[in-house]
1. Report the extension gain between residue 281 and residue 233 in nm, rounded to one decimal, defined as 0.36 nm multiplied by the number of residues separating them, less their alpha carbon distance.
2. At 222 nm, what value in deg cm²/dmol follows for the chain if DSSP H runs of at least 4 each add -39500 (n - 2.57) and the sum is divided by all its residues, to the nearest 500?
3. I want the antiparallel fraction of DSSP beta bridges within segment 2-111, as a percent rounded to 5.
4. What percent do you get for the relative contact order of segment 1-125 when only Cα pairs under 8 Å and 6+ apart count?
5. Which shape class, rounded, prolate or oblate, goes with segment 63-144 when its Cα gyration tensor gives a ≥ b ≥ c as root eigenvalues, a/c under 1.5 marks rounded, and past that a/b bigger than b/c marks prolate?
6. Roughly what % of DSSP beta bridges within the chain run antiparallel, to the nearest 5?
7. Fewest first, what order do 164, 188, 248 take by the number of other Cβ atoms within 10 Å?
8. Any chance you could give the angle, 0 to 90 degrees and rounded to 10, that helix 295-314 forms with the longest Cα principal axis of the chain?
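Just so it is clear, none of the values below were taken in a lab; they were calculated from the coordinates. These numbers were taken from a predicted model, which means no experiment stands behind them. Neighbour counts are summed over all protein chains in view; Cβ atoms, including those assigned to glycine, are modelled from backbone coordinates with ideal geometry.
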Ligand SMILES: [Zn+2]
C-alpha cells in the first residue's frame, strides 16, 4: 500500500492506495498562500489518523507519492518554481522530510501530470497512449502523454504550461511574466477582473458576489443574466482555444478534462468539443473528449502508479 498526497491550492488530499484503488482518503485545508512547511505537521497527523481509522499500520506502506502544483524536478524530488501558492516549497527536501518523519521513500510529480497518469492508467482514458489533460482549478493545469511516455522535458516544464500558452497576445498580464495566457484570460483567479471589465457588469447579478467563481457565472448565465451569458461565451472560447493549442502541440488521440468546473460538464463540454473540432488542424480525424469522473482520485492514483513504477525500476 502507498500513501498519496495531493497538495492542492485549496485542499491537501491524502489517500491510502492499493493496486489502483483508493482504500481511504481524507482532506485538510491547504492555506497555500501561507506556505507549505507550516502545513506539514498537520499532513503527518492526518496520515497517522487515516491509517489508525482504517486499521492499517505504517509498516504496510511502501512509499509516499506526492503531487504539487508548479514546475517539479521529479528525479530530484524538488519543486523548482511555483506560482502564487506554497512559496516556501521551492527547494524543499521532500525525500529527507519523509525519511525522517515516516522512514519511507517518496516520489514527487506535478499535479496535472499525476492526474494524466492516473486517468490513463486507471481512469476514463485507461490504456490510451497519446493524451492531453486540462484541469480547471485555481489555475489551469495541463499535461501530455506521447506514445505512452509522460512528457517532462529537459527543464521539467514540457506539457505542463498549457495554461500559459497565450490565447490573446494583447490580453492581460499573467503572473508568469507573459501576456494573454489562457490562465490570465480565463482561469479561476482571473474571473473577478475579467467580469469587472465587462460593460454592464454593475447591472449583472454577478456584481453582488464577493469573489466570483466559475459556478456563479454558470448559474447566472442559466438564469438569463446577459453579462454572465456573454462572459461564459468568452471563457469557453479561451478554454477551447487552449485545447486547440494542446492538440496542435502534442498530437493527442484524446483530451481529458478535469477539475471542479467539470461538475457542469453538460453545459460546457459539447461547446468546447464543437469549437475544437471546427478549429483544430487534425487531418487524421477528430480528437476524442473524456471527463475525469473523480479529479481528486486521479491525482492520488497517478502518484501511486509512479511510485510503483519507480520501485519496480529500483527493485
Ligand atoms: Zn502565464
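1. Working: separation 48, 0.36 × 48 = 17.28 nm, distance 2.22 nm.
Here the segment from residue 281 to residue 233 would lengthen by 15.1 nm.
2. On the way: 9 runs with 115 residues, N = 315.
Helices in the chain give a 222 nm mean residue ellipticity of -11500 deg cm²/dmol.
3. Values: 17 of 28 bridges.
The antiparallel proportion sits near 60 percent.
4. Details: 218 pairs, mean separation 30.5, N = 125.
Computed over segment 1-125, the figure is 24 percent.
5. Details: a/c = 2.61, a/b = 1.42, b/c = 1.83.
Because a/c hits 1.5 or more and a/b fails to exceed b/c, segment 63-144 counts as oblate.
6. Working: 27 of 48 bridges.
Restricted to the chain, the bridges split so that about 55 percent are antiparallel.
7. Details: 164 23, 188 20, 248 13.
So the ranking, lowest neighbour count to highest, is 248, 188, 164.
8. Its long axis makes an angle of about 40 degrees.
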